[in-house]
Each structure stands twice: as C-alpha cells, then as structure tokens.
Amino acid sequence: MAAKWLAILSVSVWLAACSSAPPASVVEAPPPDPVTGEPGQMEFVLSSGRYRCDAGQSVDVFRSAEDRNRINVGWHGELVALARNPSASGLPRYESASSDLVWIDLPWKSVLLDDRKGKPLASDCKPV
C-alpha cells in the first residue's frame, strides 16, 4: 500500500514539474532621459542594405550617416523617408506622418508594419 501511495505521489510531483511554465524573460527599457523625462531609447548598430524577410519578401534600408534618427526604406519600388520616434519600450521605431509604413529595427530581426491596418507587411527581416 505504501508503494502505491509513493507511486501516486511521485507521478503527481513529476506532472506538476512538467506543467510549470518557464520563467518569462524580461527586457527592461533604459531609464528615462534625466532632462526631458522621455522614455529612454535603446541604441543598436544596425545594417544598411537589403533585408530578407519571411515569405521571400525583401526590404531595403538606407541609414543616414549624418542623422542616426533617419532612414529610407525601399518597399515595393517606393522609397520612403522615416524618422525615429521615441517608443515606450525604447526599441527603435521609425515612421512618417505621410506614410503608413513603420519599421521596427532590432539586431536579431526587424519588421515592416502597415500602421493604418496594424498588420505586418514583412516579418522576421534579417540583413543579407
């Protein structure tokens, strides 16, 4: 009888261990700017040139040497000037009032979004 209870106890402990969720990874935004109080913004060294994305799509990104807060994005034969806007997370987000395109730039992947529709146009983009 003791062996039966021991087996039940071991199985329940084993199942509980298997069902535990792994700890969530947390990325903290940089501290706010001490002068303006604006959210801190992350700075990455990122590539210029062609990015290959899921579904065989590509996006061309041209970074300004003079202004790190401006890029030009080539998408479907159109070249769009985008400017970095502060984001609450601190991640690089480039957009324009005259275009619906938004480029979110990360070292490990980037995404081109349609801001009006709130949908990705090109996902998991990586420099060639």
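Since every read-out is calculated from the coordinates, none of them should be taken as a lab result. The structure displayed is predicted, hence computed values, not measured ones. Cβ atoms come from the backbone with ideal geometry, glycine included; neighbour counts cover every protein chain shown.
Tabulated results
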{"item": "Around Lys119: net Lys/Arg minus Asp/Glu count, Cβ-Cβ under 14 Å", "result": "-2"}
{"item": "Spacing of the two label points (7 Å from each Cα toward its C-beta) at Ser64 and Leu106, in nm", "result": "2.6"}
{"item": "Per-selection Kirkwood Rh - the range 49-127 (Cα, Å, 1 d.p.)", "result": "12.5"}
